[in-house]
Amino acid sequence: MGCGSSSAGTSANDKNEQQPKQATNNSTKENANKDTTQKKAETNAPSNTTSNQFMNEAIQSHNKLRAMHSAPAMTPAEELIVYAQKYADELAKRDVMEHSKCILPSGGRVGENLYCYWSSDQTAVPTADMAVQSWYDEIKDYNFNDHGFAMNTGHFTQVVWKGSTELGMAWAKSAKGTTYVVANYRPAGNMMGDFENHVLPKQ
């Protein structure tokens, strides 16, 4: 099960877009500016600096929790970060919560956790730690005496999956203010028959 997690964790952007051609008159220029403004308003993606800070926090949050389950530390992977950002942008543009096909452009499969966040404060965005902790909190429902996948624990098992060693995580905010967080894992976790060896009890 490549995606291997429940589809929504809930809490109380393609950047190769072509620029409009240079206008030849004031009327055309005004319309072009309106189009560009509308496109920018569809989603709100983080700056490179913010994105790097978010990714660093994502790695730290995962590794802190994984260490408690004897799972090796994860490292960031640029391909996964790019994939996560593009899909977060897509979710924000469509303003819908659903998994990707979990297949990289290079053809490899990845694991995927999703999280969405909304606040009445439209400037607020979730931290990486908020998303990771919400996924990990599913541990309360996981039965270590009867290992296996379940929709209400799939986020947790992917976070601590021993065999997943690379991570990419990103976010984007929709025009209506919902922030979508995407985390991709390689190799993908939540593989049937492997839970006992990869989801270890808390030490």
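The values are calculated or read from the model by the stated rules, or taken from the named source; none is laboratory data. Fair warning: this is a prediction, and the values are worked out from it, not measured in the lab. Cβ sites come from the backbone with ideal geometry, for glycine too, and all protein chains shown count toward neighbours. We work out accessible area using only protein heavy atoms, side chains counted, and drop any ligands, DNA or RNA first. Shrake-Rupley method; radii C 1.70, N 1.55, O 1.52, S 1.80 Å.
Go through region 42-75 and count every residue that is open to solvent by 20 Å² or more (accessible area, probe 1.4 Å) and modelled with pLDDT of 90 or more. Qualifying residue count for the region: 14. With the condition kept exactly as written, say whether any residue in region 165-174 is open to solvent by 10 Å² or more (accessible area, probe 1.4 Å), touching a strand residue (DSSP E or B) at 6+ places or on another chain (Cβ under 7 Å) and assigned to a helix (DSSP H, G or I). Checking region 165-174: not a single residue is open to solvent by 10 Å² or more (accessible area, probe 1.4 Å), touching a strand residue (DSSP E or B) at 6+ places or on another chain (Cβ under 7 Å) and assigned to a helix (DSSP H, G or I).
Kindly establish whether His155 is in a loop (DSSP other than H, G, I, E, B) and touching a helix residue (DSSP H, G or I) at 6+ places or on another chain (Cβ under 9 Å).
Numbers: in a loop (DSSP other than H, G, I, E, B): no; touching a helix residue (DSSP H, G or I) at 6+ places or on another chain (Cβ under 9 Å): yes.
It is false that His155 is in a loop (DSSP other than H, G, I, E, B) and touching a helix residue (DSSP H, G or I) at 6+ places or on another chain (Cβ under 9 Å).
When Lys140 is tested against (1) charged (D, E, K, R); (2) more than 20 Å from Ser174 (Cβ to Cβ); (3) buried (at least 16 other Cβ atoms within 10 Å of the Cβ), only condition (3) is not met. With the requirement that a residue be closer than 17 Å to Met68 by Cβ and touching a Phe, Trp or Tyr at 6+ places or on another chain (Cβ under 7 Å), what does region 146-160 give you? Matches in region 146-160: Thr153, His155, Phe156, Thr157, Gln158, Val159. Close contacts from region 178-202, counting a first residue that is farther than 18 Å from Ala67 by Cβ and in a loop (DSSP other than H, G, I, E, B) and a second that is open to solvent by 40 Å² or more (accessible area, probe 1.4 Å) and of a type in the set (S, T, N, Q), with Cβ to Cβ under 9 Å and a gap of 6+ residues or different chains, come to Pro187/Thr165.
Just give me the residues in region 87-106 being part of a helix (DSSP H, G or I) and either touching a helix residue (DSSP H, G or I) at 6+ places or on another chain (Cβ under 7 Å) or under 18 Å from Ala131 (Cα atoms) (or both), in sequence order. Answer for region 87-106, where residues must be part of a helix (DSSP H, G or I) and either touching a helix residue (DSSP H, G or I) at 6+ places or on another chain (Cβ under 7 Å) or under 18 Å from Ala131 (Cα atoms) (or both): Tyr87, Ala88, Asp89, Leu91, Ala92, Lys93. For region 188-198, the condition of being under 16 Å from the mean Cα position of the chain (by Cα) and not acidic (Asp, Glu) holds for at least one residue.
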